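As structure tokens, the structure follows; a few thoughts come after it.
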Amino acid sequence: MHTTILATFLEISRTVVSMCSAGILLFLVALLAAKTDIARASGLDKIVALSNLCFAIPLAVFGALHLAAAESLMPMVPSYMPWRLFWAYFFGFALLAASLSIATKIQVRWSGLLFGIAMFLFVAMLDIPGALASPGDRFGWTLTLREMLFGGAGAGFLRETLCAGKAEAS
């Protein structure tokens, strides 16, 4: 009996390990990518130099979640979409790619745009129908608002990149 209880407490979830590993790994990659920005900044601007990191780490963690628990996320894919398991894995890889892009500031314009579009598609295909199906459920409305804000943040990276390009041209 005691061995079973001990084994239960010491069991480590593959999903949790993959999510934590992705977050830590992306943190290290982003620190390496931003080291010159951090060195140039002074005072509180050092925190601003890590702004991409604050957005990219959750994307990596959620991407790892999609890869480690794709079978349990598959039922959330709308039934009218073919290859539901494929879409769970695809979005996991897309989140990891977007997080790497944003953390390293490579092709942020495209990753921000595509991530924003994906989030708005989630809102249109999953969240709004779910929230309207049970309007008294606050969780559905919270997911709708959260993913709309994530989509807006992705579009914000696109805007920031475009504005930075205009400033460099002038």
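The values are calculated or read from the model by the stated rules, or taken from the named source; none is laboratory data. Everything numeric in this text was worked out from a predicted model, so none of it was measured. Ideal geometry is used to build each Cβ from the backbone, glycine not excepted, and the neighbour counts take in all protein chains shown.
For the condition of a type in the set (Val, Ile, Thr), under 27 Å from residue 148 (Cα atoms) and either surrounded by fewer than 13 Cβ atoms within 10 Å (Cβ to Cβ) or not assigned by TED's automatic domain parsing to the domain that holds residue 149 (or both), residue 57 qualifies.
Screening the candidates 170, 134, 111 for the property of being at pLDDT 85 or above, surrounded by fewer than 20 Cβ atoms within 10 Å (Cβ to Cβ) and of a type in the set (Ser, Thr, Tyr) yields one hit, 134.
Among the residues of segment 37-65, those that are more than 14 Å from the chain's Cα centre (by Cα) and within 17 Å of residue 101 (Cα to Cα) comprise 37, 49, 50, 51. State all residues of segment 66-108 that are among the aromatic types (Phe, Trp, Tyr) and either in a helix (DSSP H, G or I) or surrounded by 14 or more Cβ atoms within 10 Å (Cβ to Cβ) (or both); if no residue qualifies, say none. Residues satisfying the conditions are 86, 87, 89, 90, 91, 93.
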